[in-house]
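Please see the structure below; I have some questions.
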Amino acid sequence: MAQVHFSAGLRDLTGGLAQVEVEATTVRRLVVALEEMFPGIGEQLNEASSVAIDGEIFTDADYEPVSDSSEVHFLDIFQGG
Amino acid sequence: MAVVEENPGYKWVGTRPIRPDGLEKVTGKAQFGADLMLPGMLFGKVVRSPHAHARIISIDTTAAEAMVGVKAVITGSDFPDLAANGAHPSEIDVANNTIAREKVLYEGHVVAAVAATTRDQAEAAAKAVEVTYEILPHVLTVDEAMADDAPLLHEGMITKGVDPAPEEASNVASKILHERGDLDQGFGEADAVVEREFTTKPVHQGYIEPHAAVADANSDGRAHIWCSSQGHFQMRAYSASVLGISPGMLKVTAAEIGGGFGGKTVIYLEPLAVRLSQRAGRPVKLVMDRDEVFRATGPTSGTRIKVKMGVSKDGKITAAEVWMAYEAGAYAGSPVGAAGMTAIACYDIPNFVVEGYDVVCNKPRVAAYRAPGAPMAAFAVESVLDELARDIGMDPIEIRLANAAVEGTQASYGPKFPRIGFVETLEAIKDHPNYTAELGPNQGRGIAAGFWFNAGMMSSATVHINENGTATVVTGSPDIGGSRQSMALMAAEELGIPYESIKAVVADTETVGFNDVTGGSRVTLATGAAVVDACRLIVEDLRARAAKTWDVELDQVEWVDGQAQHAEGAQPPLSLKDLAAKSGRTGGPISANASLNSRGVGAGFSTQLCDVEVDPETGVTRVVRYLTAQDAGRAISPDYVEGQMQGGVVQGIGWALSEEYIHDSDGVMENPGFLDYRIPVASDLPMIDCAIVEVPNPAHPYGVRGVGEVGIVPPMAAVGNAINDALDVRMTDLPMSPVKILEALNDQGD
Amino acid sequence: MARTHVTTVVNGDETEFLTEDSTSLLNALRDEVGLTGAKEGCGTGDCGACSVMVDDKVTCACLVFAPEVDGSTILTVEGLADSGELHPLQQCFLEGAALQCGICTPGFLISAKALLDRNPDPTETEIRYALAGNLCRCTGYDKIIRAVQEAAREMRGQ
């Protein structure tokens, strides 16, 4: 099961949970699974988050693979100059 | 010793040839935003609010429309109501910032625009537009905006990120929070604790080229825009949204861009120019004056930041507490999110809380500025860390080494760091002669470090092989700092042909696939990766053509030094030139496209060493020696890596010592020109010494990390720490101007 | 409105144009003569991007009314190269990567030429002060100063 970590800003939507384990093979499926656990979080994750999978940061990475041993962090989107 | 990995035998990558666009730029031929002239072109002028916060009661354009030479006058009512169309809130903000509807939210906010035959006629007509305002109370700083009963910019703004959601509207758009461990326990373990409060003013990107746009609209709704932009695809999307049309109706050509630093990732003039051109039936040029650039385009945030940190005797940071409020200007969207993620990211800290607020106020909407959000937070954190090192008697490099994030460290913003080069930048400073250079009277030395993510995002590239075996590399990433050179160098390396045989160009929105903005230090990394991918497709194609020509299997063909070689030497080599000349016989023109959403973004670190001399009589600070060490991963184009490092440092020195927005009590900017908003000039500065550290990014084909931004993160703290070293005064308010230094010296004497 | 007839020599060529009395030399050069090498960065003489030589004196073209140059000789960046051969300053700016965005480059080249015309062997400090009226936001000036030093060496035949 992938370890999914939420930034403090997302924990309003997770009932305060900082971390959950989710079975998923891609980011998109992971988000679908999270939406089932925490209704409303999907939109937030799709719109306002980047995702780091095992330390590598992606934007809009719906089909990026996630493995059983993956550590996944949802991060706030930031803008470069 | 600074880590410079062994050169893996590159022929072109890492060399210093002349840049592809250089000749046009030293001979005056290069066409920048304001240089285009079209037949029948009109000159436009924008009408701006003189008030910081006011309701627009009426706009009377009849007098202006009746004036000689005036061909069009537009106001907010000439644009669609995006809110009524259900647009995303961020699009509505862009539209309202482009031209105000019910309210103006800052001095300089656009209320109307005119187009006329001559500049003088346009200026006169702009003055003749009569706007009646009901002046509203305003707020200029985070303190004013967050005060109880503060006047509201947006009546419906409910703070996001707070649970439960507040019931009442405020000027706080959102709250961010990062936390780990137990703060009380952490401070309990500390042998020294320092708590300080810092303030910084808005500062402007200060590009020398004012915003400019030319639009030529057709009666069928299509339009062509030429503009000075960091991202013409983004410009197309924003402009189409504001105009209420499909992006495909707009063709955007990126002119040469005279600096951006983040400030040209957003739109100001483009939709206005299109609408004026539609109304007038002629091309329209809109160019900002410098004072419009200051009054109405994005500075970065003014801030208030509180930092409390504790260390043990051996220099380990045991706890950090950071509170930050960032001005967003008129609409939500300060870079406080990135500030929260970067503030303590250089260090491995077990216990922390980082809390931040995005606060709207009646100043121009902030825009990205080089590592947006990070420099102010670093000023605060790196100043406190310097003080802690002094308190426990530890060398400032050693305390940073003792806490430095390394591969595998859980970054303060979440994930574990991959291979990073922070420690190597610290060591590069330590190993440099500047670190032990002798200091004179009234001189001091300061060190500070900084982190920035760098961005990846989407890029496209097309590579064409010309009939004589030369190549054209086409991307859609506007080149601000020499990226055409890095594209050409990587293409030369991949194709195995000379750099001089490659022409790298930036194409318009109809000629190449989508590219995100030139920003986030992403172009050499991401657009470069697209170029590398396209070149590799070309090489595959060339091998296949050689295999056909020789009638052998593909695996019998190798591509070496720009030519196809038979693995067993059974055939004389076929050069790219040979293959290009015969391309018609082997399948037609040789061309390849690559598009990607970049992966493998490499984190960037910089450590900087600054020596200053402060005149205790006048309070004037002079930087006398400066060294910047930055991890570039792999310097594709060392000349322009150094250029980014030096440029970032000098912008930071300006931020540290002299740059600031000054507003009067009515919210009117008092220093909207380079005379009073003082950016560093040549005589203010020494040479900026560079140590390029190369710890290759394992996820990139050449090991590239973005280099454009992190250089501006450490300078304010480096300068402040040096001033403290010279005079034993801790400066906590930017800029550290002579008058403030004299005040601090006086306070010290009391 | 009556326009003023101005006769000048621009980059070696006799050049005539008509202009409003209130038009700056910069706008006249750009709009009437078609030379867009000189840039407007501020319009108030603070940035130096519009630097041109008027009768061998470095001038902010944004601060001069166009009719004032009647009878004068003007050099802009477009006139620096000699029959296609680059001036040593242009060559050294290219080789030394002394430009990034390039908007300030025309002004720096003109100011640096004026310096080297009067002082062929300037110190670093003299170069820095001679160029203090030209703003560059990209480079931090380091490579610009070095390029001028190198051009001075070459022009002295060293």
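The values are calculated or read from the model by the stated rules, or taken from the named source; none is laboratory data. Because the structure is a prediction, the values reported are computed rather than measured. FYI the Cβ positions are ideal-geometry reconstructions off the backbone, even for glycines, and counts take in every protein chain you see.
Return the total of residues in the stretch B:696-749 being small (Gly, Ala, Ser), under 22 Å from the mean Cα position of the chain (by Cα) and surrounded by 24 or more Cβ atoms within 10 Å (Cβ to Cβ). First the steps, then the outcome.
If we filter the stretch B:696-749 for residues that are small (Gly, Ala, Ser), which is where we start, we get B:699, B:703, B:706, B:708, B:711, B:717-718, B:720, B:722, B:726, B:737, B:744, B:749.
Next, from what is left, pick out any that are under 22 Å from the mean Cα position of the chain (by Cα): B:703, B:706, B:708, B:711, B:717-718.
Remaining after also requiring surrounded by 24 or more Cβ atoms within 10 Å (Cβ to Cβ): B:706, B:708, B:711, B:717-718.
Final tally of qualifying residues: 5.
Turning to a different aspect of this structure: Can you find, within the stretch B:30-45, the residue that is farthest from C:PHE93 (Cα to Cα) among those that are facing chain C (nearest Cβ under 9 Å) and surrounded by 16 or more Cβ atoms within 10 Å (Cβ to Cβ)? Spell out how you get there, then give the answer.
Going through the stretch B:30-45, the residues facing chain C (nearest Cβ under 9 Å) turn out to be B:30-32, B:34-37.
Those still in the list that are surrounded by 16 or more Cβ atoms within 10 Å (Cβ to Cβ) too: B:30, B:32, B:34-36.
Numbers: B:ALA30: 15, B:PHE32: 19, B:ALA34: 23, B:ASP35: 22, B:LEU36: 25 Å.
Within the stretch B:30-45, the match that is farthest from C:PHE93 (Cα to Cα) is B:LEU36.
Inspect the stretch B:164-174 for any residue being more than 9 Å from every other protein chain (Cβ to nearest Cβ), surrounded by 19 or more Cβ atoms within 10 Å (Cβ to Cβ) and closer than 22 Å to B:GLY720 by Cβ and give the result as yes or no.
no
Looking at B:LEU439, is it in a loop (DSSP other than H, G, I, E, B), more than 29 Å from the chain's Cα centre (by Cα) and either at pLDDT 95 or above or hydrophobic (A, V, I, L, M, F, W, C) (or both)? First the steps, then the outcome.
Details: in a loop (DSSP other than H, G, I, E, B): yes; more than 29 Å from the chain's Cα centre (by Cα): yes; either at pLDDT 95 or above or hydrophobic (A, V, I, L, M, F, W, C) (or both): yes.
Criteria met by B:LEU439.
Filter the stretch C:1-10 down to the residues that are buried (at least 19 other Cβ atoms within 10 Å of the Cβ) and either hydroxyl-bearing (Ser, Thr, Tyr) or not in a strand (DSSP E or B) (or both) and list them by number. Full working, then the answer.
Step one: list which residues in the stretch C:1-10 are buried (at least 19 other Cβ atoms within 10 Å of the Cβ), which gives C:6, C:8, C:10.
Scanning the stretch C:1-10 gives a single hit, C:THR8.
Considering only the stretch B:305-320, how many residues are crowded, with 21+ Cβ neighbours inside 10 Å and either modelled with pLDDT under 95 or not small (Gly, Ala, Ser) (or both)?
Of the residues in the stretch B:305-320, 6 are crowded, with 21+ Cβ neighbours inside 10 Å and either modelled with pLDDT under 95 or not small (Gly, Ala, Ser) (or both).
Which ones in the stretch C:91-140 are surrounded by fewer than 24 Cβ atoms within 10 Å (Cβ to Cβ), polar (S, T, N, Q) and facing chain B (nearest Cβ under 7 Å)?
Selection gives nothing.
Go over the candidates B:ARG180, B:ARG196 one by one and state the one that is touching a strand residue (DSSP E or B) at 6+ places or on another chain (Cβ under 9 Å), over 28 Å from B:GLY263 (Cβ atoms) and either crowded, with 18+ Cβ neighbours inside 10 Å or without any contact (Cβ under 8 Å) to a residue 24 or more places away in the chain (or both). Quick ask: steps written out before the conclusion?
Values: B:ARG196 fails: either crowded, with 18+ Cβ neighbours inside 10 Å or without any contact (Cβ under 8 Å) to a residue 24 or more places away in the chain (or both).
Among B:ARG180, B:ARG196, only B:ARG180 is touching a strand residue (DSSP E or B) at 6+ places or on another chain (Cβ under 9 Å), over 28 Å from B:GLY263 (Cβ atoms) and either crowded, with 18+ Cβ neighbours inside 10 Å or without any contact (Cβ under 8 Å) to a residue 24 or more places away in the chain (or both).
Which of the strands (runs of 3 or more DSSP E) contained wholly in the stretch B:500-585 include at least 1 residues that are of a type in the set (Phe, Trp, Tyr)? Working first, answer last.
On the way: elements: B:502-506, B:557-560, B:563-566.
Correct list: B:557-560.
Are there any helices (runs of 4 or more DSSP H) wholly within the stretch B:322-415 with 2 or more residues that are touching a Ser or Thr at 6+ places or on another chain (Cβ under 9 Å) and surrounded by 24 or more Cβ atoms within 10 Å (Cβ to Cβ), and if so which? Before the answer, list the steps.
Numbers: elements: B:336-342, B:374-391, B:396-403.
Passing ranges, in order: B:336-342, B:374-391.
Restricting to the stretch B:583-625, what's the tally of residues that are within 25 Å of B:LEU685 (Cα to Cα), buried (at least 19 other Cβ atoms within 10 Å of the Cβ) and aliphatic (A, V, I, L, M)?
4
Oh, and also: Does B:VAL641 satisfy the condition of being out of contact with any Pro (no Cβ under 8 Å at 6 or more places or on another chain), over 14 Å from B:GLY604 (Cα atoms), within 12 Å of chain C (Cβ to nearest Cβ) and not acidic (Asp, Glu)? Please lay out each step first, then the result.
Working: out of contact with any Pro (no Cβ under 8 Å at 6 or more places or on another chain): yes; over 14 Å from B:GLY604 (Cα atoms): no; within 12 Å of chain C (Cβ to nearest Cβ): yes; not acidic (Asp, Glu): yes.
No, not satisfied.
Show the residue pairs that are 6+ apart or on different chains and have beta-carbon atoms under 7 Å apart, the first residue being within the stretch B:495-521 and at pLDDT 95 or above, the second being acidic (Asp, Glu).
As it stands, the answer is B:GLY496/B:ASP561; B:VAL506/B:ASP479, since those pairs meet every condition given.
With (1) assigned by TED's automatic domain parsing to the domain that holds C:ILE144; (2) closer than 24 Å to B:THR118 by Cα; (3) acidic (Asp, Glu) as the list, and C:GLU16 as the residue in question, which single condition is left unmet?
With (1) assigned by TED's automatic domain parsing to the domain that holds C:ILE144; (2) closer than 24 Å to B:THR118 by Cα; (3) acidic (Asp, Glu) applied to C:GLU16, the lone miss is (1).
In the list B:ALA635, B:ALA656, which residue meets the criterion of being outside the structural domain of B:GLY496 (by TED's automatic domain parsing), out of contact with any Asp or Glu (no Cβ under 9 Å at 6 or more places or on another chain) and of a type in the set (A, V, I, L, M)?
Details: B:ALA635 fails: out of contact with any Asp or Glu (no Cβ under 9 Å at 6 or more places or on another chain).
Just one listed residue meets the conditions, B:ALA656.
Is it true that some residue in the stretch B:293-304 is over 20 Å from the mean Cα position of the chain (by Cα) and either assigned to a strand (DSSP E or B) or modelled with pLDDT under 95 (or both)? Write out each step before concluding.
Applying the first criterion (over 20 Å from the mean Cα position of the chain (by Cα)) to the stretch B:293-304 yields B:304.
Keeping just the survivors that are either assigned to a strand (DSSP E or B) or modelled with pLDDT under 95 (or both) gives B:304.
Yes, that holds for at least one residue.
Which ones in the stretch B:645-664 are farther than 18 Å from B:PRO696 by Cα and part of a helix (DSSP H, G or I)? Can you show your working first?
Residues of the stretch B:645-664 farther than 18 Å from B:PRO696 by Cα: B:646-664.
Within the stretch B:645-664, B:GLN646, B:GLY647, B:GLY648, B:VAL649, B:VAL650, B:GLN651, B:GLY652, B:ILE653, B:GLY654, B:TRP655, B:ALA656, B:LEU657 meet the criteria.
Pull up the stretch A:27-68, narrow it to residues that are free of Cβ contacts under 8 Å to residues at least 40 places away in the same chain, small (Gly, Ala, Ser) and not in a strand (DSSP E or B), then point me to the one that is nearest to B:SER459 (Cα to Cα).
Ranking the qualifying residues of the stretch A:27-68, first place goes to A:ALA61.
A further question follows. Considering only the stretch B:671-682, I want to know if a residue exists there that is closer than 25 Å to C:LYS143 by Cβ, free of Cβ contacts under 8 Å to residues at least 60 places away in the same chain, surrounded by fewer than 22 Cβ atoms within 10 Å (Cβ to Cβ) and out of contact with any Leu (no Cβ under 8 Å at 6 or more places or on another chain).
For the stretch B:671-682, residues closer than 25 Å to C:LYS143 by Cβ, free of Cβ contacts under 8 Å to residues at least 60 places away in the same chain, surrounded by fewer than 22 Cβ atoms within 10 Å (Cβ to Cβ) and out of contact with any Leu (no Cβ under 8 Å at 6 or more places or on another chain): present.
I've got another one for you. Specify which of the listed residues (C:GLY41, C:GLY45) is buried (at least 23 other Cβ atoms within 10 Å of the Cβ) and more than 23 Å from C:HIS5 (Cα to Cα). Explain how you work it out, then say what you get.
Numbers: C:GLY45 fails: buried (at least 23 other Cβ atoms within 10 Å of the Cβ).
From the options C:GLY41, C:GLY45, the qualifying one is C:GLY41.
Then there's this: Filter the stretch C:19-41 for residues that are more than 10 Å from chain B (Cβ to nearest Cβ) and hydrophobic (A, V, I, L, M, F, W, C) and give the result.
Those that are more than 10 Å from chain B (Cβ to nearest Cβ) and hydrophobic (A, V, I, L, M, F, W, C): C:LEU25, C:LEU26, C:ALA28, C:LEU29, C:VAL33.
May I pose another question? Checking B:GLU424 against (1) part of a loop (DSSP other than H, G, I, E, B); (2) in contact with an Asp or Glu (Cβ under 9 Å, 6 or more places away or on another chain); (3) of a type in the set (Asp, Glu): exactly one of these is not met. Which one?
Result: B:GLU424 passes all but (1).
I've got another one for you. For the stretch A:43-67, give me each residue that is modelled with pLDDT of 90 or more and more than 12 Å from the chain's Cα centre (by Cα).
Passing the criteria: A:PRO65, A:SER67.
Okay, moving on. Can you name every residue in the stretch B:315-328 that is in contact with a Pro (Cβ under 8 Å, 6 or more places away or on another chain) and within 14 Å of chain A (Cβ to nearest Cβ)?
Correct list: B:TYR326 only.
Within the stretch B:385-423, how many residues turn out to be under 26 Å from the mean Cα position of the chain (by Cα), more than 14 Å from every other protein chain (Cβ to nearest Cβ) and touching a residue at least 40 places away in the same chain (Cβ under 8 Å)?
Going through the stretch B:385-423 one residue at a time, the tally reaches 3.
Another one. Checking the condition at pLDDT below 90, closer than 27 Å to B:GLY181 by Cβ and buried (at least 20 other Cβ atoms within 10 Å of the Cβ), which residue from A:LEU30, A:LEU75, A:LEU17, A:LEU34 passes? Walk me through it before giving the result.
Numbers: A:LEU30 fails: at pLDDT below 90; A:LEU17 fails: buried (at least 20 other Cβ atoms within 10 Å of the Cβ); A:LEU34 fails: at pLDDT below 90.
Answer to the check: A:LEU75.
Would you mind finding the one in C:PHE93, C:PHE108 that is modelled with pLDDT of 95 or more, over 23 Å from B:ILE653 (Cα atoms) and outside the structural domain of C:ALA61 (by TED's automatic domain parsing)? Write out each step before concluding.
Details: C:PHE108 fails: over 23 Å from B:ILE653 (Cα atoms).
Matching residue, one of C:PHE93, C:PHE108: C:PHE93.
Here's something else I'd like to know. Is it the case that the stretch B:565-582 has a residue that's surrounded by fewer than 18 Cβ atoms within 10 Å (Cβ to Cβ) and in contact with a Ser or Thr (Cβ under 8 Å, 6 or more places away or on another chain)?
Yes; the residues of the stretch B:565-582 include at least one that is surrounded by fewer than 18 Cβ atoms within 10 Å (Cβ to Cβ) and in contact with a Ser or Thr (Cβ under 8 Å, 6 or more places away or on another chain).
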